[in-house]
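The values are calculated or read from the model by the stated rules, or taken from the named source; none is laboratory data. What you are looking at is a predicted structure, and each value in this text was computed from that prediction instead of being measured. Because the Cβ atoms are built from the backbone with ideal geometry, glycine has one as well, and the counts that use them run over all protein chains shown.
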Amino acid sequence: MRILLVEDDSSLAAGLQAALGREGFAVNHVDSGGQALAAVRAEVPDMVVLDLGLPDMDGLQVLANLRETNRGLPVLLLTARDGAEDKVKGLDRGADDYLAKPFDMKELAARLRVMERRLSASAATSCLNVGSVELDTAAHTVSVAQQALELPRREYMLLKALMESAGKVLTREALESRLYSWGEEVSSNALEVHIHHLRKKLPEDFIKTVRGIGYTVPRR
């Protein structure tokens with residue numbers, strides 16, 4: 001799940017990138033409203049975490065601009081403003097959720113997972129099931145034939161991306177965008193290595209290669 005983080009506090013942004021990365025999100029960061037709008041025009045993320053106190057324009061104006069062309073893009077607002085009026089304005093302008101600073105990182109991650117589930121057809125549950133493989137996006141657990149399976153973070157993120165699009169072929173580029181943030185160095189065979197390790201832990205032929213295109217898992 002790709003998140004665009006719009007936050008001008010570099011220390012907070014670095015902490016959020018690290019914390020949300022551990023939760024299985026790929027986080028790209030910009031520090032101004034103008035950069036945020038340009039980033040969304042270039043490539044629409046899955047979700048946006050938007051600070052209201054930006055140096056070049058008010059976060060509410062950024063939100064209004066986003067909503068003109070991206071009505072369905074989930075947006076969570078971050079703000080140090082305590083007044084209920086700002087919260088109401090943000091929600092009225094189309095924000096999906098609102099979190100006041102300071103906040104607990106686990107609460108932010110939980111709220112993002114709720115927004116994530118709303119994006120999928122299986123919004124009523126956090127569990128993805130494909131054959132004997134079950135992945136719980138809320139608990140961050142994976143099991144095969146009801147036996148718990150421990151996965152490193154990248155392998156978990158990769159499996160989650162494939163299971164969310166079960167029955168569809170995901171290209172190498174699409175998968176890498178789910179696993180890595182902008183500017184992060186990625187070796188040429190990193191994805192293939194993760195696929196190789198995952199295949200050894202999952203049922204035979206669970207992950208299929210579509211030569212020249214990408215990878216897929218069976219339809220749910």
Task: Lone unmet requirement of (1) surrounded by fewer than 14 Cβ atoms within 10 Å (Cβ to Cβ); (2) of a type outside the set (A, V, I, L, M, F, W, C); (3) touching a Lys or Arg at 6+ places or on another chain (Cβ under 7 Å); (4) modelled with pLDDT of 90 or more for residue 168 - done: (3)
TODO: Among what's in segment 49-64 and is in contact with a strand residue (DSSP E or B) (Cβ under 9 Å, 6 or more places away or on another chain) and not in a loop (DSSP other than H, G, I, E, B), pick the residue that is farthest from residue 89 (Cα to Cα).
DONE: 49
Task: Pairs, first touching a residue at least 60 places away in the same chain (Cβ under 8 Å) in segment 139-153, second basic (Lys, Arg) and surrounded by 10 or more Cβ atoms within 10 Å (Cβ to Cβ), C-beta under 9 Å, six or more apart - done: 153/22
TODO: Look through segment 93-124, keep the residues that are within 15 Å of residue 50 (Cα to Cα) and among the charged types (D, E, K, R), and return whichever of them is modelled with the lowest pLDDT.
DONE: 93
- [ ] Would you point out which residue out of 91, 112, 50 is more than 24 Å from residue 158 (Cβ to Cβ) and in contact with a helix residue (DSSP H, G or I) (Cβ under 8 Å, 6 or more places away or on another chain)?
- [x] 50
- [ ] For segment 84-107, enumerate the residues that are of a type outside the set (A, V, I, L, M) and surrounded by fewer than 11 Cβ atoms within 10 Å (Cβ to Cβ).
- [x] 85, 92, 102, 104, 106, 107
Task: Flag if residue 159 is assigned to a helix (DSSP H, G or I), in contact (Cβ under 8 Å) with a residue 12 or more places away in the chain and not small (Gly, Ala, Ser) - done: yes
Task: residue 81 being crowded, with 16+ Cβ neighbours inside 10 Å, assigned to a loop (DSSP other than H, G, I, E, B) and either under 21 Å from the mean Cα position of the chain (by Cα) or modelled with pLDDT under 90 (or both) - done: yes
Open item on the list: Against the condition in the same structural domain as residue 21 (by TED's automatic domain parsing) and surrounded by fewer than 17 Cβ atoms within 10 Å (Cβ to Cβ), how does residue 131 come out, does it pass?
Closed with: no
TODO: Give the residues of segment 1-31 that are among the acidic types (Asp, Glu) and over 25 Å from residue 41 (Cβ atoms), sorted by residue number.
DONE: 23
- [ ] Scan segment 29-62 for residues that are touching a Lys or Arg at 6+ places or on another chain (Cβ under 7 Å) and either of a type outside the set (A, V, I, L, M) or under 24 Å from residue 137 (Cα atoms) (or both) and jot them down.
- [x] 45, 46
Task: segment 15-61, subset touching a Ser or Thr at 6+ places or on another chain (Cβ under 9 Å) and small (Gly, Ala, Ser), residue surrounded by the fewest Cβ atoms within 10 Å (Cβ to Cβ) - done: 53
Task: Top-ranked residue in segment 15-48 [being assigned to a helix (DSSP H, G or I), under 14 Å from the mean Cα position of the chain (by Cα) and in contact (Cβ under 8 Å) with a residue 12 or more places away in the chain; ranked as farthest from residue 4 (Cα to Cα)] - done: 22
Task: Residue selected from segment 66-78 under the condition out of contact with any Gly (no Cβ under 8 Å at 6 or more places or on another chain) and exposed (fewer than 15 other Cβ atoms within 10 Å of the Cβ), by the criterion modelled with the highest pLDDT - done: 68
